[in-house]
Amino acid sequence: MKDSFPFPVARIGLIGGGQLGRMMVKAAKRLGCTCVVLDPYPGSPAGQVAGHQIIGGYHDPAKLRELAESCDVVTYELENIDTETLIQLEREGHRINPAPALLSILQDKLTQKEFLKASGIPTADFIEMPEPALQAFESFGFPLVQKARRGGYDGRGVSVMQQADDFENHLPVPSLVEHFVDAKKELAVMVARNAEGQCIAYPTVEMCFRAGENVLDLLLCPAAVNEDIAIAAEALAERTIEALQGVGVFGVEMFLTQDNQLLVNEIAPRTHNSGHHTIEACITDQFEQHLRAVLGLPLGATHLLSPAAMINLLGASDASGRPVIKGMAAALAIDGVCLHLYGKAEVTPYRKMGHVTVLDRDLDVAQSKAEQVRDLIQITGEQHP
Ligand code: ADP
């Protein structure tokens, strides 16, 4: 492992200019790195902080090349990227982490599930569904969940069907179907792994979703599960990332079934919404950890310094235009509240505009303060009717 660095410690090329990128750039600057962000929208949340942005799409080979050529290491904050170009750039000697070949497995939900199955990682049974047809769904058996192979996020690209009548809600795209899991809880574990094979999990978190919206509504850490389950979840997440030989930070989402089985739902090859609390609640947050991993540095401590509850701040259901935030002063008056706003120039309904983490020695108190903040803060837009 290298132990001498000139300034800047490294030039980081970051594909994606959203909030995850913004928080990563902040961590990068703290470590003495500089950043270049690739994003199609000028003034993106990450670009604002980096100070240097290439304006271009994630599927634009020339822009991806420009980014790689101006940086020491390339990483990303989203999955929907042209991996063929990244694989070619890697062949030419550019350093890209997590590896583009791994990204291409994970960005297709079918190949991701096949990878999990082949690696002996428990996951809901599934079959490929190239052309959705009621008969094929019936022979697989309801209740089921249909998932688009590509392009889904925050529940878009997922259709839950309890019975044959729900077939009218099917997604008319190449997909997979899997058995509906009657989950007691949804858990997530962030895992970091570096090129030397050092692999560390963060404490298991519990994710609560708002019915029908599929955007993470409330995150609690530690998860309210017994210690054996939390330890098993962390071990399963580490095993998953070791099987992938991943380098970087990864989010591993899981179901805890009614009979206490853990099933891996999905792997994100990047920092993740379920790790936002680590900024305040851990010595090394997920963003710094990701940078340490992709730069070949030792990983930092992941244990929890304080229980934490986190909520996303979403645009109001009818919001549009320049964001207007109400209730901020009242929220900040509550002890233990840490507010993050992402600097997005426009609000749309349910868009992630920021998040709040609340720390408290008592997790129930942290949760009730977080819920209070959720009611206090409203993000509407100047064009709000
Ligand atoms: P996305 O990539 O859009 O986040 P996910 O695969 O994570 O999609 O699914 C979104 C949500 O849909 C999950 O958090 C969970 O609530 C629900 N879901 C997904 N798969 C299943 C399943 N097999 N059984 C029950 N619920 C599921």
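A few notes on this one:
- When restricted to residues that are under 21 Å from I267 (Cβ atoms), within 11 Å of the ligand (Cβ to nearest atom) and surrounded by fewer than 15 Cβ atoms within 10 Å (Cβ to Cβ), region 106-149 contains 1.
- Boolean, A345 is within 22 Å of G43 (Cβ to Cβ), more than 16 Å from the chain's Cα centre (by Cα) and surrounded by fewer than 16 Cβ atoms within 10 Å (Cβ to Cβ): yes
- Enumeration of residues in region 19-36 that are touching a strand residue (DSSP E or B) at 6+ places or on another chain (Cβ under 8 Å) and either assigned to a loop (DSSP other than H, G, I, E, B) or without any contact (Cβ under 8 Å) to a residue 24 or more places away in the chain (or both): K29, C33
- Boolean, E84 is outside any helix (DSSP H, G or I) and either surrounded by fewer than 17 Cβ atoms within 10 Å (Cβ to Cβ) or modelled with pLDDT of 95 or more (or both): no
- Residue that is closer than 30 Å to V247 by Cβ, free of Cβ contacts under 8 Å to residues at least 40 places away in the same chain and of a type outside the set (F, W, Y), where the choices are A201, A195, A124, A118: A118
- Residue among V225, V215, V191 that is at pLDDT below 95, of a type in the set (A, V, I, L, M, F, W, C) and either away from the ligand (no atom under 11 Å from the Cβ) or surrounded by fewer than 22 Cβ atoms within 10 Å (Cβ to Cβ) (or both): V215
- Restricting attention to region 89-103, the residues that are away from the ligand (no atom under 16 Å from the Cβ) and touching a residue at least 12 places away in the same chain (Cβ under 8 Å) total 10.
- Matching residues, region 188-207, being within 27 Å of V73 (Cα to Cα) and assigned to a strand (DSSP E or B): V189, M190, V191, A192, R193, C199, I200, A201
- Residue tally, condition crowded, with 16+ Cβ neighbours inside 10 Å, assigned to a loop (DSSP other than H, G, I, E, B) and within 13 Å of the ligand (Cβ to nearest atom), over region 163-187: 2
- T271 vs. criteria within 12 Å of the ligand (Cβ to nearest atom) and either surrounded by 16 or more Cβ atoms within 10 Å (Cβ to Cβ) or among the hydroxyl-bearing types (S, T, Y) (or both): no
- Residue in region 69-79 that is over 21 Å from Q289 (Cβ atoms) and surrounded by 20 or more Cβ atoms within 10 Å (Cβ to Cβ) present: no
- With respect to (1) over 23 Å from I229 (Cβ atoms); (2) touching a residue at least 24 places away in the same chain (Cβ under 8 Å), the lone exception for T284 is condition (2).
- In region 87-108, the residues that are more than 19 Å from the chain's Cα centre (by Cα) and part of a loop (DSSP other than H, G, I, E, B): E92, G93, H94
The values are calculated or read from the model by the stated rules, or taken from the named source; none is laboratory data. Nothing here was measured: the structure is a model prediction, and the numbers come from that model. Note that we place each Cβ from the backbone using ideal geometry, even for glycine, and neighbour counts take in every protein chain shown.
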